[in-house]
Amino acid sequence: MLVSRLMCAAAGAAALFGAAPASAQFYFKGPDIAGPRVTGEEPGILAQALPGANPSELRAAMVWNLRAALNVAALQCQFAKTLLTLPNYNTILHDHAAELNSSYATLTKYFVRTSKTPKAGQMALDQYGTRVYSSFSAVHAQLTFCATADDIAGEVIFAPRGQFGEVAAERLRTLRNSLTKWGEYQFPGYHFYYVPVAAPVFGNEKCWRKDIYTPSRCQPKR
């Protein structure tokens, strides 16, 4: 009787998961977009250049850029439940809270130090935060971005506490590369496409409109 009940339960579970909608699955093979380690000074890595920033401030900025990217992924990638972007992000916030908090404090001190008044520094920090989130818009590269963010989130989860910044230095270039338009790589004859784009110039104020990065605003006229 026990065996029969177990078999029935297994059959029921198989039927349940077999009937799951296709939207719950994530089948996508993207290209190799791995990039080298960065320091935060490279063009296109941070959402905004930080003039005069020291190494610890640049590391804090990289931490904050990666955290924002994983936050965006937690919101934008929920169409693919198997990626677990939301629970992974919540786990990261819990496990790496100390480093995230210290990075934010370091960034706050940078903007206060480089602004005329504490109030101006806070405004600059708020603007920076908005630009960081805007810089990870993945409307045209959602699949590649979600797959890459999921991979990096897993790496952050298993990184020792205090090493979030190391993961950021190693993987931010790859994450930025994922925002380029790519397609399915398993069947290149049918679905693969690549649109080369120049590295974003986040430091150019002309490229921004109401804290939204708009490359067309700063492209040279033909």
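The values are calculated or read from the model by the stated rules, or taken from the named source; none is laboratory data. Please read all numbers here as calculations on a predicted model, not as lab measurements. Neighbour counts run over all protein chains shown; Cβ positions are idealised from the backbone, glycine included.
Say we look at segment 148-189 and pick out the residues that are basic (Lys, Arg) and in a loop (DSSP other than H, G, I, E, B); which of these is modelled with the highest pLDDT? Full working, then the answer.
Filtering segment 148-189 for residues basic (Lys, Arg) gives 161, 171, 173, 176, 181.
Then drop every residue that is not in a loop (DSSP other than H, G, I, E, B), which leaves 161, 181.
Details: Arg161: 94, Lys181: 63.
Here the residue is Arg161.
Within segment 45-90, can you find the residues that are exposed (fewer than 15 other Cβ atoms within 10 Å of the Cβ) and touching a residue at least 24 places away in the same chain (Cβ under 8 Å)?
Matches in segment 45-90: Pro51, Gly52, Ser56, Phe79, Thr82.
Being polar (S, T, N, Q), within 18 Å of Asn88 (Cα to Cα) and buried (at least 23 other Cβ atoms within 10 Å of the Cβ) is the filter here; which residues of segment 145-180 pass it?
The one that is polar (S, T, N, Q), within 18 Å of Asn88 (Cα to Cα) and buried (at least 23 other Cβ atoms within 10 Å of the Cβ): Thr148.
Just to be sure, is Tyr89 at pLDDT 85 or above and of a type outside the set (A, V, I, L, M)?
Against the criterion (at pLDDT 85 or above and of a type outside the set (A, V, I, L, M)), Tyr89 qualifies.
Tell me, yes or no, whether segment 17-29 has at least one residue that is of a type in the set (Lys, Arg) and either buried (at least 20 other Cβ atoms within 10 Å of the Cβ) or modelled with pLDDT of 95 or more (or both).
No, every residue in segment 17-29 fails to be of a type in the set (Lys, Arg) and either buried (at least 20 other Cβ atoms within 10 Å of the Cβ) or modelled with pLDDT of 95 or more (or both).
Among the residues of segment 207-218, is there at least one that is under 21 Å from Asn88 (Cβ atoms) and either at pLDDT below 65 or hydrophobic (A, V, I, L, M, F, W, C) (or both)?
no
With the checklist (1) more than 19 Å from Ser137 (Cα to Cα); (2) in contact with an Asp or Glu (Cβ under 7 Å, 6 or more places away or on another chain) in hand, flag the one item Thr39 doesn't pass.
So Thr39 meets the others, but not (2).
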